[in-house]
1. Picking from 81, 100, 77, which residue would you name as being more than 22 Å from residue 258 (Cβ to Cβ) and either charged (D, E, K, R) or exposed (fewer than 13 other Cβ atoms within 10 Å of the Cβ) (or both)?
2. The conditions are (1) in a loop (DSSP other than H, G, I, E, B); (2) touching a helix residue (DSSP H, G or I) at 6+ places or on another chain (Cβ under 6 Å), and residue 193 fails exactly one of them. Which is it?
3. Cβ contacts < 7 Å: first residue modelled with pLDDT under 95, restricted to the range 160-188; second residue surrounded by 19 or more Cβ atoms within 10 Å (Cβ to Cβ) and among the polar types (S, T, N, Q), any location; separation 6+ or different chain. Result?
4. Considering each of 241, 231 in turn, give the residue that is without any contact (Cβ under 8 Å) to a residue 12 or more places away in the chain and in a helix (DSSP H, G or I).
5. Tally up the residues in the range 118-159 that are of a type in the set (Asp, Glu) and either in contact with a Leu (Cβ under 9 Å, 6 or more places away or on another chain) or modelled with pLDDT under 90 (or both), please.
6. State yes or no: is residue 63 closer than 27 Å to residue 196 by Cβ, among the hydrophobic types (A, V, I, L, M, F, W, C) and modelled with pLDDT of 95 or more?
Amino acid sequence: MIDVWSSSGVRLPRLLTPKDDVPLPLDEIAFLKMTRSQGFDVTVDTDRKSSLLAEMVRLNRILLQINDFNIRASEEELDPEAIISNIEHLSGQLDVWLEELPDHIRDTRENMARYAAQGLGRIFAAIYLGYYHYGQMLFYRFLHDDSNGFNTQARYYADKCKQHASSLCDIVYASDEEPGCDVKYNMIGHVLVISSTVQIHSLLFDSDVSNVTLAKMRLEKNFCVLTRLRDLWPTLDFCMDRLMAFHEACRNSADTSFRMDRWMVRFLVEFASPVSDRASRSNGENPWSLAGLGITPPDMSPICP
């Protein structure tokens with residue numbers, strides 16, 4: 001899983017080739033109950049449908065394909081039919097993954113609390129951080145088409161991107177509220193920045209006042225989460241630099257800022273690479289300011305718990 005994430009983030013070739021004949025991890029509860037006295041003769045259940053890590057592995061295989069598709073689509077002249085065909089295929093894989101989940105692994109607060117009580121709350125949250133992030137990555141390209149004229153297909157997939165981005169924010173907030181589920185690793189900064197750009201799209205192009213209000217609220221809460229994470233991971237300055245670079249691109253040309261070109265693919269995938277190509281902010285501007293994003297007036301600050 002780390003090989004897929006890290007290789008794309010630093011523009012290095014993957015070192016591990018996925019193999020279908022490698023068994024998936026067994027159920028975490030069964031593993032925790034194993035004792036040294038059992039030896040190697042203990043019978044291990046071959047059903048992996050209750051394993052959180054197994055579900056993460058399955059999702060990671062889909063992320064691999066989404067990353068490869070986005071990179072290929074930005075480098076080659078794929079015709080619209082080929083793009084839609086790939087989107088539908090990958091979207092179908094995400095749908096099948098979700099449909100096949102057992103009820104006790106579905107994204108509910110009750111399940112989150114139950115796994116937290118077993119010491120597995122953070123792994124449970126990580127599964128859905130992955131799922132919602134992969135969805136927003138897959139459907140992101142339709143934000144540009146949706147903002148440049150009404151198209152039924154573009155609107156459908158753009159809405160799916162927004163749903164995934166909003167759900168990603170919600171799972172971050174829920175994990176912060178549920179004891180034993182908080183997610184504090186630095187990759188949260190990257191996925192929240194991507195989700196925040198989707199909220200910016202709503203601010204710029206959504207005509208529904210309630211959607212705009214929700215997008216503004218999520219942007220402010222994301223800023224608070226990023227600010228707290230920065231105390232643990234000083235390198236998250238880099239994430240805010242990326243968000244400010246994107247916002248500057250929106251200020252220069254909102255109509256083209258969501259276009260899925262090579263710059264955008266780098267922005268979405270290469271979380272360890274600078275993305276100041278489209279625009280750079282003025283000297284002296286505070287990178288950790290919502291006023292710089294046009295969300296909060298310069299003389300006001302969001303109230304972060």
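1. Values: 81 fails: more than 22 Å from residue 258 (Cβ to Cβ); 77 fails: more than 22 Å from residue 258 (Cβ to Cβ).
Selected residue: 100, the only one of 81, 100, 77 that is more than 22 Å from residue 258 (Cβ to Cβ) and either charged (D, E, K, R) or exposed (fewer than 13 other Cβ atoms within 10 Å of the Cβ) (or both).
2. For residue 193, the exception is condition (1).
3. Going by the 7 Å Cβ cut-off, the qualifying pairs are 182/175; 183/175.
4. Of 241, 231, the one residue that is without any contact (Cβ under 8 Å) to a residue 12 or more places away in the chain and in a helix (DSSP H, G or I) is 231.
5. In the first step, residues of the range 118-159 are kept if they are of a type in the set (Asp, Glu); the result is 145-146, 159.
If we keep only those that are either in contact with a Leu (Cβ under 9 Å, 6 or more places away or on another chain) or modelled with pLDDT under 90 (or both) too, we end up with 145-146.
Final tally of qualifying residues: 2.
6. On the way: closer than 27 Å to residue 196 by Cβ: yes; among the hydrophobic types (A, V, I, L, M, F, W, C): yes; modelled with pLDDT of 95 or more: no.
Taking the combined requirement at face value, the residue does not satisfy it.
The values are calculated or read from the model by the stated rules, or taken from the named source; none is laboratory data. Note that the coordinates shown come from a computational prediction; the quantities given were computed from them, not determined experimentally. Neighbour counts are summed over all protein chains in view; Cβ atoms, including those assigned to glycine, are modelled from backbone coordinates with ideal geometry.
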